[in-house]
Amino acid sequence: MPPEGFHTVRTHRRRNPRPGRKKMSGWTIAALVAGVWLWGQVIGFGDTSEHKAPEPAPAVSAPAQR
């Protein structure tokens with residue numbers, strides 16, 4: 001009979017799995033990172049500061065008045 005907290009698998013003794021939170025797999029972490037990146041690309045992160053692009057100067061001057 002194995003000690004408390006262990007079980008026997010064939011001829012090996014293994015520790016019983018602990019109850020509690022499960023670890024996040026690598027794919028789950030990659031999906032979360034991709035989701036945050038897509039959110040930033042499509043919707044943005046809510047920059048409320050008033051950054052306005054400067055008005056482009058015309059490439060040619062205004063036509064002469066006659």
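Any read-out appearing in this document is the output of simple, stated calculations on the displayed coordinates, not a laboratory observation. All values derive from a computational prediction rather than experimental measurement.
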Karplus ³J(HN,Hα) for region 23-35 (6.51 cos²θ - 1.76 cosθ + 1.60, θ = phi - 60°; Hz, whole; x = Gly/Pro) runs 6, 7, 6, x, 5, 5, 5, 5, 5, 5, 5, 5, x
Karplus (6.51, -1.76, 1.60) ³J(HN,Hα), θ = phi - 60°, over region 38-43, in Hz, Gly and Pro reported as x: 5, 4, x, 6, 8, 9
